[in-house]
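The values are calculated or read from the model by the stated rules, or taken from the named source; none is laboratory data. Owing to the predicted nature of the structure, the values given are computational and were not obtained by experimental measurement. Don't worry about glycine lacking a Cβ; one is built from the backbone with ideal geometry, like all the others, and counts go over all protein chains shown.
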C-alpha cells in the first residue's frame, strides 16, 4: 500500500477512535437541539400575562379591547393610580377624559415597566379599537364588516419573485435563502477553524514529540503533511455526516411527534375563532410557506457548492496551518503570533459575509467571493440566492478555479516551509526566514 | 563499499554546515562518525538518509547514486532528536513505522512480534508510549529503527538516556546486527563508547573531516611513544640516555617515560636493569581517542568547546 495511504489511515483512525471524538460528535447535535429547545421554551414561558385595568371615562374604547395571551384587560371605574396594584393589576391604562377628538394621549401607568411585548400589544390593541370605533361611528359601518375586511387585507402579502422565476410561477423567499446562506457560511467558518487548528496541533505534536525526523527518514515530508491533512479532512467529513444523520433523525422524531394530521385538522377547522385559532393558523401558514420556499432553493447546487467550498477552503487553509505548526515550538505565544496572519483572513471573511448576506450583489461581496482567502465563506453566503442569477456562472467558475489553484499553491508553498520547519528546533523563525526556506532547494 | 560520500557540501544561511566531506563506509562492521556538538554530524547524516539534499557532491549507496524513494527501505536511522507518538499503542506504533519503511502488513507484524519477544517486550504491546519509562521507550525506539532489517543502520547518540543495563542490551544487539552483516554508522561524541565498539572512525569538526582511519591506525598515528614502567621500589636514578621521565607515581611505583626519536623501548629496559631496579611491568601507553580528539579539535579552534569524558 502507498505510504501516504498508511499515514492517512493512522491520522484518521487515531482521531476517530478517541473517546473525545465520539462524545463530541454525538453530543454536539444533542446539545444544539437542547439549547434551541430550552431557549424557545423559556422565551415562550416568559411571556407573562399582564392584567391591566382600563379606565375610560369618555367611552372611547367602547369596551372593545380584546384580551389575549399577553394582556388581559379589565374595564373598571374604581381603579386609580394609587390603588391599582392593590386590586391585583400590574398596570393602569388611563384614557383621556376629554374624548377622541382632542388628540390627548393615553397613559399606561405601571410600577415597574412592562415587558416590550405587553407594551406593544397594548399600543396595537388600543390603536385598532380606536380605529374601529371611529370608522363605525363616523361612517356608520357594522364593526363586524370592518373586522372581516381587515382580515382579508392582512392575508395579502407582497411576494418577492426573481425575474427568472416569473415564468415558472414560483416564488422565492429571500429570508430562507439568507438563512441558508448564513448557516452554511458560518458552518464553513467554524469547520475551517476547528480542522485547521487540528492539523496545526498534529504537526506540533510530531515536532515536540521529536518523531518528525524519524518519519521523514522513511517518507517524504510532503507525504507526511498531505497524509495528515487528508486524514484530518476525512475525520471532518465523517463527523459532519454523523451530524447530518443525527440531526435528520432528531428532526424526523420531532415532526413525527407533531403529527401532520393534527396540523391539517387545525388548519381546516371551519370558523376558527380569531382569539384562539388565529395564532395556530398563522404558525401553520408560516410552516407551509417555509416548506414551499425551502423547495424553491436549488439544493443540489447549494450542497455541491458547500462540499466544494468546505473541501477547497479546508485544503487551502490546512496547508497554511501545517506550515505554522511546523515552524513553532512549544511556546504558546509563538503559536498565537504566527497563527494571527492566517486566522485574520478567515475572520475578515466572516465580517464580509455578514454584509454580503444583506446585499449579495455588492462589489465587496462579489470580489470577496472570488478571492480564495475569503471565497469559501463569502461565496457560500451568496450561492443560496441563486445560480445563475445572483451569482453568474462565470463568477462561480472563476471562484472555484481560483480556490483550486489557491490550495495547490498554498500546499506547494507550505510543503517547502514544512519540510525545513519540522527539523528545526530552537527559536521561532521570522517570516523572512520562512520565506527563505521556500526558496531553498 | 556500501556507502561513499563524495565532496558533500551544505551551507545554511550563516555557516557552512558541511564543507567538502568525503569518506566511504565498508560493508559490514561498525563505523564511528565523531565530532563535537555543531560539527556537522547531523547535517551529514541527514544528507545520507535523503532527508535533505546536499548543495554539492553526491552520495553513492551500494555502487549507485542514492535514490531516497528506493533505497530508504535499506536504511534504518535513529536520529538524536527522536521520539514516538505518545498516545499510540506500542505494538501498533512499531508496525506503523515498519510499514512506512516499506514492509507489508503481515511481515511488519511478524517482525515486530519477533523483536518484542527477543527483547522481552511482549507485555508492552497494548501500552502507550506515555506509560513507558525513558529507558523503555529508547529500547522501543531502537527496535523500530532496525525492525525492517536495513543494510545500513545509522544511530545518532544511541545510548543517551539509557541505564547501563539497557545500554548493554542495545550494545549486544548492535554487535549481533553487525555480525549478521548490517553496516552500522554510529555517531557520537562519547569517546569511550567509540573505542569499545567501532572499527573505523571519521572525525569531523566545523564542517570538515579532520581524521579518517581505523581505531588502531589512529592510535598508532597519534602515539607519543609513552611507556609505563612499574617497579618494586622506585629506582634512585631516573635520568638515562634515550628517554625522559614525564610522570611518576610513588604509591605504586611507576614511571611514565617518553622514548626519544631513534631509540627503542629496549633502551629504557636496559638502563633500569643495569641500575639494578626490579621491574614489575612495562606497557606502551597509547593515547585514548578522547585525548586525540581534544588535541585535534582544540587544534582547529572549535566554535564550541568539546565535551570531554574521562575514560
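Here are a few things to note about the model shown:
- Top-ranked residue in the stretch B:203-220 [being touching a strand residue (DSSP E or B) at 6+ places or on another chain (Cβ under 7 Å) and in a helix (DSSP H, G or I); ranked as surrounded by the fewest Cβ atoms within 10 Å (Cβ to Cβ)]: B:215
- Breaking point among (1) surrounded by 21 or more Cβ atoms within 10 Å (Cβ to Cβ); (2) under 30 Å from residue B:138 (Cβ atoms), for residue A:210: (1)
- Subset of the stretch B:148-174 (residues that are over 22 Å from residue B:41 (Cα atoms) and touching a strand residue (DSSP E or B) at 6+ places or on another chain (Cβ under 8 Å)): B:148
For (1) buried (at least 16 other Cβ atoms within 10 Å of the Cβ); (2) at pLDDT 85 or above; (3) within 12 Å of another protein chain (Cβ to nearest Cβ); (4) closer than 17 Å to residue B:153 by Cα, each residue gets a yes or a no:
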| residue | (1), (2), (3), (4) |
| --- | --- |
| B:32 | yes, yes, no, yes |
| B:58 | no, yes, no, no |
| B:63 | no, yes, no, no |
| B:66 | yes, yes, no, yes |
| B:71 | yes, yes, yes, yes |
| B:75 | yes, yes, yes, yes |
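- Qualifying residues in the stretch A:210-231 (those that are within 7 Å of another protein chain (Cβ to nearest Cβ) and part of a helix (DSSP H, G or I)) - the one farthest from residue B:96 (Cα to Cα): A:213
- Subset of the stretch A:130-163 (residues that are under 38 Å from the mean Cα position of the chain (by Cα) and either modelled with pLDDT of 80 or more or in a helix (DSSP H, G or I) (or both)): A:147, A:148, A:149, A:150, A:151, A:152, A:153, A:154, A:155, A:156, A:163
- Filter pass, residue A:406 being in the same structural domain as residue A:220 (by TED's automatic domain parsing) and outside any helix (DSSP H, G or I): no
Okay, residues lined up against (1) free of Cβ contacts under 8 Å to residues at least 40 places away in the same chain; (2) in contact with a strand residue (DSSP E or B) (Cβ under 8 Å, 6 or more places away or on another chain); (3) within 14 Å of chain B (Cβ to nearest Cβ):
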position: A:15; (1), (2), (3): no, no, yes
position: A:23; (1), (2), (3): yes, no, no
position: A:49; (1), (2), (3): yes, yes, no
position: A:52; (1), (2), (3): no, yes, no
position: A:61; (1), (2), (3): no, yes, no
position: A:68; (1), (2), (3): no, no, no
position: A:75; (1), (2), (3): yes, yes, no
position: A:84; (1), (2), (3): yes, yes, no
position: A:91; (1), (2), (3): no, yes, no
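- Of all residues in the stretch B:85-123, those satisfying the criterion of being within 15 Å of residue B:142 (Cα to Cα), more than 13 Å from every other protein chain (Cβ to nearest Cβ) and without any contact (Cβ under 8 Å) to a residue 40 or more places away in the chain are B:91, B:111, B:112, B:113, B:114, B:115, B:116, B:117, B:118, B:120, B:121.
- Only helices (runs of 4 or more DSSP H) whose full extent lies in the stretch A:253-359 are considered here, and the ones with at least 2 residues that are surrounded by 13 or more Cβ atoms within 10 Å (Cβ to Cβ) and at pLDDT 80 or above are A:299-327, A:332-356.
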